[in-house]
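Written below as structure tokens is the structure these notes are about.
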Amino acid sequence: MKLSKKVIAAVMAAMMLFSLTACGGNSSTPASSTDDAAPAADTSNDEAAVVDEAADDAEQAAQEAADSAAAAVGEGGNIGVCIYKFDDAFMTTYRNALQEILEGKGYTVTFMDGKNDQAEQNNQINNFIAQGVDALIINPVMTSAADQIIATVKDAGVPTVLINREPTAEQMSAYDKLVYVGCDARQSGTMQGELILDTVNKGDINGDGKVSYIMIQGDPENIDAQYRTEFSVKALTDAGIEVEELDLQRGDWDRNKGQEIAQNDLAKFGDEIEVVFCNNDDMAIGALQAIQAAGRTVNEDIYLVGVDALDAALNEVANGNMTGTVLNDAKGQAEGAVAAMEELLGGKTYASGEQSIYVDYVKVTPDNVTDFQ
Ligand code: BGC
């Protein structure tokens, strides 16, 4: 906040001094060449000295402005970060990574908990703007609020990095100092399907010629939930496998809901369930509790896959209690978000259609799980 005001003040001072210098001499003095102004102008030596001094001051002010701008980019800038809700397992890992990177680089960073309430987050964004933050990093509560968020930050001229919940390219094209850093959720869905295809019976445990599954979905408003749901199953059908959806329910990324849905489905469908697809690991950990409580054994009579590679899930993959997961690289995304933010602070603008920066997902199985632990 302080820095951007300093930058503006210094730039304005420099501009004023330059224009004073340019206008200070004889009206025949060319405005573009202040250094030549004094000798060319029909003025006394004293007046020439004043003009020279003004030029020096202008140069110094311009240098200070450049130094301040560099400081805002490298160190000491104020960054506001809005997280959709603190009480989300994956976003907690992501938030910790962001904090470590930003503070390690000398930024002052404030995190706000949107509490899964878009109105609350809108207030937080407005407050950050009123405080004059140098840049914003926003994990929107609702992807459908993207237009409003983008209009707000554009109006304020604050460089902004959106994370985790991707708006459309068209929405982002409204503001060229805005970029999205995240992952292509289609990739994670496809990898979940591949984890099932890689099992000995390609998911068809009971050998009836089809894979019968339940799908525990994240918040369906979120593109990650939509794509993972679609592309996990598509990987199977693309491989020529017949599928049967026994149930699809929203678990809103939440462990307890994952547990409840799996428990109800296991009671209802019993051995018919061969695969439990969960859009994230937290719900998969909940589902695992229900699977174990029902006396079923993962990788023997049921398969279970998630996404994120949370520590708890990595342990379960290593122990054979989860078939696999997919690394949702929180650290890589946090690094990407900070790098993009610094480019924006350095003056970079993004052309329409080039505002999404993706970090790759990675499949995690018992074979490579130790690489991630
Ligand atoms: C993660 C989920 C998380 C969600 C929040 C997804 O990319 O996989 O674990 O709850 O983002 O938006």
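The values are calculated or read from the model by the stated rules, or taken from the named source; none is laboratory data. Everything quoted here is computed from the prediction, not taken from an experiment. Ideal geometry is used to build each Cβ from the backbone, glycine not excepted, and the neighbour counts take in all protein chains shown.
Computed values, structure above
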item	result
Among the candidates ALA235, ALA225, residue that is in contact with a strand residue (DSSP E or B) (Cβ under 6 Å, 6 or more places away or on another chain), of a type in the set (Gly, Ala, Ser) and closer than 22 Å to TYR358 by Cβ	ALA225
Within the range 186-207, considering residues that are away from the ligand (no atom under 16 Å from the Cβ) and among the aliphatic types (A, V, I, L, M), the one nearest to ASP224 (Cα to Cα)	ILE196
Residues that are of a type in the set (Val, Ile, Thr) and in contact with a Phe, Trp or Tyr (Cβ under 9 Å, 6 or more places away or on another chain), drawn from the range 162-187	ILE163, VAL179, VAL181
Hits in the range 293-311 (condition: in contact with a Leu (Cβ under 9 Å, 6 or more places away or on another chain), part of a loop (DSSP other than H, G, I, E, B) and away from the ligand (no atom under 16 Å from the Cβ))	ALA294, ARG296
Selection from the range 313-340 of residues that are in a helix (DSSP H, G or I), among the polar types (S, T, N, Q) and within 28 Å of VAL179 (Cβ to Cβ)	GLN333
Check on GLU274, modelled with pLDDT of 95 or more and surrounded by fewer than 19 Cβ atoms within 10 Å (Cβ to Cβ)	no
Index of the failed condition, ASN319 passing every other in (1) of a type outside the set (Gly, Ala, Ser); (2) farther than 15 Å from ASP247 by Cα; (3) within 16 Å of the ligand (Cβ to nearest atom)	(3)
Failed item in (1) in contact with a strand residue (DSSP E or B) (Cβ under 8 Å, 6 or more places away or on another chain); (2) within 30 Å of ASP147 (Cβ to Cβ), with VAL276 passing the rest	(2)
Positions within the range 89-110 being more than 14 Å from the chain's Cα centre (by Cα), within 24 Å of ASP311 (Cα to Cα) and not aliphatic (A, V, I, L, M), in sequence order	GLU100, GLU103, GLY104
Criterion (within 13 Å of the ligand (Cβ to nearest atom) and among the small types (Gly, Ala, Ser)) met by exactly one of ALA290, ALA284, ALA262	ALA284
Pairs where the first residue, in the range 334-349, is in contact (Cβ under 8 Å) with a residue 24 or more places away in the chain and over 10 Å from PRO159 (Cα atoms) and the second is small (Gly, Ala, Ser) and part of a helix (DSSP H, G or I), C-beta under 7 Å, 6+ apart	ALA334/ALA97
Strands (runs of 3 or more DSSP E) completely within the range 153-256 that count 3 or more residues being in contact (Cβ under 8 Å) with a residue 24 or more places away in the chain, crowded, with 20+ Cβ neighbours inside 10 Å and in contact with a Cys (Cβ under 9 Å, 6 or more places away or on another chain)	210-217
The range 292-312, subset in contact with a strand residue (DSSP E or B) (Cβ under 6 Å, 6 or more places away or on another chain) and within 28 Å of ALA330 (Cα to Cα), residue surrounded by the most Cβ atoms within 10 Å (Cβ to Cβ)	GLY306
Given (1) surrounded by fewer than 23 Cβ atoms within 10 Å (Cβ to Cβ); (2) assigned to a helix (DSSP H, G or I); (3) charged (D, E, K, R), index of the condition ASP282 fails	(1)
Close pairs (6 angstrom Cβ cut-off, 6 or more residues apart or separate chains): touching a residue at least 12 places away in the same chain (Cβ under 8 Å) in the range 85-105, assigned to a helix (DSSP H, G or I) and within 10 Å of the ligand (Cβ to nearest atom) anywhere	ALA89/ASP282; THR93/ALA330; TYR94/ALA330; ALA97/ALA330
Selection status of LYS331, touching a strand residue (DSSP E or B) at 6+ places or on another chain (Cβ under 7 Å) and of a type in the set (Lys, Arg)	no
Selection count, the range 107-145, where residues are over 15 Å from ASN78 (Cα atoms) and hydroxyl-bearing (Ser, Thr, Tyr)	2
Unique residue being more than 15 Å from the ligand (Cβ to nearest atom) and basic (Lys, Arg) when the list is LYS268, LYS331	LYS268
Odd one out for GLY306, checked against (1) of a type in the set (Gly, Ala, Ser); (2) within 18 Å of GLY189 (Cβ to Cβ); (3) over 25 Å from the mean Cα position of the chain (by Cα)	(3)
